[in-house]
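> I have a structure I would like to understand better, so I am pasting it below and will then ask my questions one at a time.
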Amino acid sequence: MNYYSLNRISPLANFRQATLNGQAPDKGLYYPEKIPSWDKQFISNLRKLDKTSIGFEIMKPYVGSCISEDQLYNIIEDTLAFDFPLKKINDRIHCLELFHGPTLAFKDLGARFLSRCMGKFSQDQDEKIVVLVATSGDTGGAVADAFYKVPGTEVVILYPSGKVSPVQEKQLTALGDNIHALEIQGDFDDCQRLVKMAFADKEMHTGCLLTSSNSINISRWLSQQIYYVLALSQWHEEVDPVFAVPSGNFGNICAGLVAQRSGMPAKHFIAACNRNKAFTDYLESGEYHARPSVQTISNAMDVGDPSNFIRIVELFEGDYTNIKNHISSMSVSDEETALAIKNAYAQYNYIMDPHTAIAYKTMQDRLEKNNEEKGIILGTAHPVKFPTVVEEIIQQDIPIPAALEEIMKKPKKALLLPADYNQVKASIKQIITA
Ligand SMILES: *Cc1c(COP(=O)(O)O)cnc(C)c1O
């Protein structure tokens with residue numbers, strides 16, 4: 001499989017090149033030349049297959065000959081080493097819980113697949129792979145955990161001092177080894193600006209392979225198809241499910257749409273958004289306008305200009321009517337989100353984080369108007385990651401899961417730096433040459 005750049009200037013890249021580059025040299029997003037069609041038997045046999053075989057079938061055509069089948073199988077097995085349960089909330093709504101991985105967020109799967117592929121590629125690579133990432137909280141933790149002790153890789157994470165939750169800060173700073181945290185005296189935008197400056201700086205690219213690990217990377221994006229299919233392997237209803245996906249940069253929902261194109265049975269997709277609703281407005285008007293992001297209680301979805309929008313347009317060849325036939329969207333306010341958390345707890349004793357609750361609210365609205373339909377919402381984070389919001393709404397403490405206890409005991413190790421490029425650059429250089 002080859003990948004082209006959606007800016008259509010850079011040359012084609014194979015899976016290895018596209019994964020290592022992250023973004024194409026012309027700054028475009030990579031896109032697969034051909035979406036594979038799955039064997040009908042693969043879908044009808046899902047219940048009999050284990051999760052590694054399912055993941056392997058899905059990823060094999062995308063990886064091609066860049067990784068041997070044996071090695072790919074091992075990478076998938078290791079990537080999927082936790083549970084993806086489909087939990088029944090009520091007669092018509094199930095939640096696919098994607099928060100049983102090491103950092104309790106759905107990003108664990110994509111980050112683990114990416115890190116293990118990079119670890120493999122580093123073996124035939126003289127230079128060290130250096131992953132540079134700016135985070136407002138969730139992404140950095142998933143990337144740190146995924147790359148921890150992956151040979152041939154160093155990870156440098158920039159995070160805004162005082163602006164991440166205590167659990168998130170531990171996930172960024174307590175691992176050590178090849179994971180390095182720079183605590184920046186500034187906000188997330190400063191971190192992102194510093195990372196962009198480093199990528200644009202030629203000197204930073206000498207002596208190492210400097211790369212990113214954000215959600216536009218094809219390895220993260222495409223591997224997310226796996227859990228949609230794992231949901232179907234646990235689905236026992238007589239109708240195909242409607243999927244509601246908490247959406248920010250739209251990588252997650254775009255993976256679901258690609259899976260549907262390959263043959264996964266899905267009745268419809270709902271892009272569940274908070275007040276950041278560039279996509280919701282696009283479906284309504286046919287015109288896309290990027291917006292400045294606004295702050296909400298579902299902050300991992302505070303994105304004003306979703307980077308994967310362009311991939312959705314590509315998948316449907318720019319056909320607006322066809323996009324509308326497959327996807328609808330709804331924007332949910334903080335008040336409605338809080339009410340959804342409260343109601344799900346009161347009615348079904350189910351505790352949701354704010355992102356998942358938005359999907360729940362959009363699904364309820366849709367099912368009210370469509371009596372024959374049933375749905376799956378994607379649970380993208382564990383409620384304990386947003387304790388101040390959730391505990392106040394449900395008036396109940398959420399115990400810290402055992403998976404987090406160990407890291408909460410470890411000491412924080414981070415280098416405190418001003419938001420100054422020269423100082424950040426010097427620190428990164430030191431980490432690379434150490
Ligand atoms: C990142 C994130 C999202 C948004 O996912 P996209 O793929 O960017 O649309 C939703 N929920 C949570 C909890 C997240 O961390």
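The values are calculated or read from the model by the stated rules, or taken from the named source; none is laboratory data. Note that the structure is a prediction, hence the values are computed from the model and not measured. Cβ: placed from backbone, ideal geometry, glycine included. Neighbour counts: every protein chain shown. Side chains included, ligands, DNA and RNA excluded: accessible areas come from the protein's heavy atoms. Shrake-Rupley method; radii C 1.70, N 1.55, O 1.52, S 1.80 Å.
> What residues qualify as long-range amide H neighbours of Val131, i.e. H under 5 Å apart, gap of 5 or more or another chain, H built at 1.01 Å from N?
Glu154, Val155, Val156, Thr211
> Scanning the chain for trypsin sites (Lys or Arg not before Pro) in DSSP loops with at most 10 other Cβ atoms within 10 Å, what's the longest stretch left with none?
Counting at most 10 other Cβ atoms within 10 Å as exposed, the longest clean stretch of the chain is 35-434.
> Another question, then. Taking only DSSP H segments of four or more residues, each worth -39500 (n - 2.57), what value at 222 nm results for the chain once the sum is divided by all its residues, to the nearest 500 deg cm²/dmol? Write out the running numbers ahead of the final one.
Details: 19 runs with 191 residues, N = 434.
Taking each H run of at least 4 residues, the total per residue is -13000 deg cm²/dmol.
> Which whole-number percent is the relative contact order of segment 355-434 (Cα, under 8 Å, 6+ apart)?
With pairs under 8 Å counted, the relative contact order is 18 percent.
> Among the listed pairs Lys88/Lys163; Lys163/Lys324; Lys34/Lys107; Lys40/Lys88; Lys120/Lys196, give every one whose C-alpha distance is greater than 29 Å.
Distance filter (> 29 Å) returns Lys88/Lys163; Lys163/Lys324.
> Next question, about the same structure. Within a Cβ distance under 14 Å of Glu335, other residues only, what is the Lys/Arg minus Asp/Glu net charge?
0
> Along the charge dipole of the chain, Cβ charges K/R +1 and D/E -1, which of Asn274, Phe113, His205 sits furthest on the positive end?
Projecting each Cα onto the dipole axis, the largest value belongs to His205.
> If each residue of separation counts as 0.36 nm, what is the full-extension length gain between Ser53 and Gln396 once their alpha-carbon separation is subtracted?
Between Ser53 and Gln396, full extension yields 119.5 nm more.
> What number, in percent, do you get for the relative contact order of segment 122-226 if the mean sequence gap of Cα pairs under 8 Å and at least 6 apart is divided by its residue count?
33
> Scanning the chain for GluC sites (Glu not before Pro) in DSSP loops with at most 10 other Cβ atoms within 10 Å, what's the longest stretch left with none? Display every interim value, and only then the final one.
On the way: sites that count: Glu33, Glu238, Glu287, Glu317, Glu372.
In short, 34-237.
> Tally Lys and Arg at +1 and Asp and Glu at -1 over the other residues with C-beta under 15 Å from the C-beta of Glu372: what net charge comes out?
Value of the local net charge: -1.
> Near the amide H of Gly28, under 5 Å away, which other amide H atoms are found, from residues 5 or more places off or on another chain, if H is placed in the peptide plane?
The answer is Asn7.
> Once you list every other residue whose beta carbon is under 13 Å from the beta carbon of Tyr227, what net charge do they have if Lys and Arg are +1 and Asp and Glu are -1?
Charge balance near Tyr227 sits at +1.
> Take every Cα pair under 8 Å in the chain that's 6+ residues apart, average their separations, divide by the length, and report that relative contact order as a whole percent.
With pairs under 8 Å counted, the relative contact order is 18 percent.
> About its Cα centre, what dipole magnitude does segment 184-232 give when the only charges are +1 on Lys and Arg Cβ and -1 on Asp and Glu Cβ, stated in debye to the nearest 20?
That gives a dipole near 220 debye.
> Tell me the per residue accessible area of the chain using a 1.4 Å probe; a whole number in Å² is fine.
Solvent-accessible surface per residue comes out at 42 Å².
> Another question, then. Which percent of the accessible area of the chain is formed by carbon and sulfur heavy atoms (probe 1.4 angstrom)?
Answer for the chain is 47 percent, counting heavy atoms of protein chains only.
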